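See structure below.
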Ligand code: BV8
């Protein structure tokens, strides 16, 4: 049953952090909102200018984030991903990212297990100093050859040609190394996630609409092993009533407070 006040909620999460032996955090696009990166879904208004609206309010995921879309129009899809890639490179980690990195290092110093599962492709967690990051949906910073699967990190400037030719095989293209709808997640990422979830005693879902599977189902693995379940999100999601505590607000504002309150 969620508790009543934000102060109580923050103390509850902080006290669970203090006593946890194994922590799993699942993050989504909301964590990067304060870095200026648009989320895919969530609270928005159709009255907002296009550069403030969620991505899927302006663009059709079926036409951009599927293998079929890439096959139908590789130039348009790669151009869109290159635009987003440059946005991610220009963005800076925000206090929420930094707090999660501080949380990881504080917990590790005490011998506590910590795994950060992220659906984000922006690499901001790593740039903030998080080290044990599992990229469930890949990375937009890295691209890969459609023939050989070899990856490379393009330079931080717009690509020259769309679709970009692959340097690894004649006639092949480069595509973003992300997981599109209908594609399976990297095997190692899933195995690492499930392993961590099966032994966690604290699970936190942060800045995610909790609708994209399989990540949206991870909470049930943590619940099955009796973990304490917490959510931090700007608005209610399908897991808000499932968790033990649901904190409503910005992760950039709330996470530093929780980390501060969890110091021994
Ligand atoms: C797969 C690509 C096996 C990269 C993305 C079971 C049931 C139903 C459907 C399915 C199912 N299993 C599989 C599916 C299909 C599909 C799916 O889940 N569809 C959903 C939409 C119903 N899943 C898949 O296809 C997955 N693959 O399962 O493989 C398979 C394969 C073939 C056939 C059968 C099985 C692959 C999923 C990967 C999709 N990739 N994008 C890119 O372009 O970036 S999706 C996209 O959504 C992003 O990548 C993102 O990572 C992901 C999740 O979104 P969130 O991170 O949660 O972000 P969102 O914007 O939605 O929410 C932000 C939240 O933050 C909001 O609630 C907002 O209020 C809040 N917020 C805002 N600001 C703040 C904040 N919170 C805190 N602080 C703030 N400041």
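So here's what we get for this one:
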read-out	value
Qualifying residue in segment 36-44 (condition: part of a helix (DSSP H, G or I) and either buried (at least 17 other Cβ atoms within 10 Å of the Cβ) or at pLDDT 95 or above (or both))	no
Single unsatisfied condition, residue 99 versus (1) farther than 21 Å from residue 210 by Cβ; (2) assigned to a helix (DSSP H, G or I)	(1)
Residues satisfying the stated conditions in segment 172-224, i.e. closer than 20 Å to residue 60 by Cα, crowded, with 21+ Cβ neighbours inside 10 Å and either near the ligand (Cβ under 6 Å from one of its atoms) or at pLDDT below 95 (or both)	208, 209
Options 101, 91, 128, 106: the member that is more than 16 Å from the chain's Cα centre (by Cα) and on the phi < 0 side of the Ramachandran plot	106
All positions within segment 227-249 that are closer than 18 Å to residue 14 by Cα and not in a strand (DSSP E or B)	227, 243, 244, 249
Segment 72-130, subset within 25 Å of residue 191 (Cβ to Cβ) and free of Cβ contacts under 8 Å to residues at least 12 places away in the same chain, residue surrounded by the most Cβ atoms within 10 Å (Cβ to Cβ)	126
Pair list, Cβ under 7 Å, 6 or more apart: segment 163-189 residue farther than 21 Å from residue 64 by Cβ, other residue part of a strand (DSSP E or B) and within 15 Å of the ligand (Cβ to nearest atom)	189/134; 189/135
Any chance residue 239 is touching a strand residue (DSSP E or B) at 6+ places or on another chain (Cβ under 7 Å) and either on the phi > 0 side of the Ramachandran plot or surrounded by 18 or more Cβ atoms within 10 Å (Cβ to Cβ) (or both)	yes
Residue match in segment 97-115 (condition: modelled with pLDDT of 95 or more, over 30 Å from residue 249 (Cβ atoms) and more than 12 Å from the ligand (Cβ to nearest atom))	yes
So residue 126, is it within 13 Å of the ligand (Cβ to nearest atom) and either at pLDDT 95 or above or over 25 Å from residue 197 (Cβ atoms) (or both)	no
Condition met for residue 84 (at pLDDT below 90, within 13 Å of the ligand (Cβ to nearest atom), over 22 Å from residue 230 (Cβ atoms) and within 19 Å of the chain's Cα centre (by Cα))	no
Considering residues of segment 131-153 that are touching a residue at least 40 places away in the same chain (Cβ under 8 Å) and in a loop (DSSP other than H, G, I, E, B) only, the residue nearest to residue 183 (Cα to Cα)	137
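The values are calculated or read from the model by the stated rules, or taken from the named source; none is laboratory data. Worth saying up front: this structure is predicted, and the values here are computed from it rather than measured. A quick note on method: Cβ atoms are made from the backbone with ideal geometry, for glycine too, and the neighbour counts reach across all protein chains shown.
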